[in-house]
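Bear in mind that the values in this text are calculations on the coordinates, not laboratory data. All figures in this text were calculated on a predicted structure; none of them were measured in a lab. Here Cβ is always computed from backbone atoms with ideal geometry, including for glycine, and neighbour counts include all displayed protein chains.
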Amino acid sequence: MSGDDGQATVELVALLPLLLIAAFAGAAFVAAHAARERAGQAAQAGAMALLQGGDPRAAARRALPAGTRSRAAIEIHGRRVTVRIRPDLPLRALERPLTGTATASAGPETNP
């Protein structure tokens, strides 16, 4: 066994934490992007329900995958539907800053 074999092992052990951090950062980025995409789809479904005279909150909730519904907040303001989804991350401290938010409008407000 040569000394080079030991050096390679030491280098691998030193780089392993950096590789794990990079993998976690990549997974967090993908989870945040997925949360934004799902929020956009749900907000659009809610706005479509408003246009059709339906329940926008129920429509937005139905548009979300079952596992995402518990992490979603749906707000209706006039003819706008806003959906916020916290990504499912093992590190809870990152969920709030990576929350996906989307708003969809069902058109201009009507004056009575």
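Tabulated data for the structure shown
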quantity	calculated
Helix-only mean residue ellipticity at 222 nm for the chain, each DSSP H run of n ≥ 4 adding -39500 (n - 2.57), per residue, nearest 500	-18000 deg cm²/dmol
Theoretical gain in end-to-end length, Glu109 to His33 [0.36 nm per residue, Cα-Cα removed]	24.3 nm
Relative contact order (percent, whole number), the chain, Cα cutoff 8 Å, 6+ residue spacing	27
Highest to lowest packing among 92-100, 43-51, 19-27, scored as the average C-beta count within 10 Å	43-51, 92-100, 19-27
Residue order, fewest to most surrounding Cβ atoms within 10 angstrom, among Val81, Val30	Val30, Val81
Residue exposure sequence - Thr68, Thr110, Thr101 - by fewest surrounding Cβ within 10 Å	Thr110, Thr101, Thr68
Relative packing of 70-77, 57-64, which averages over residues the other C-beta atoms within 10 Å, highest first	57-64, 70-77
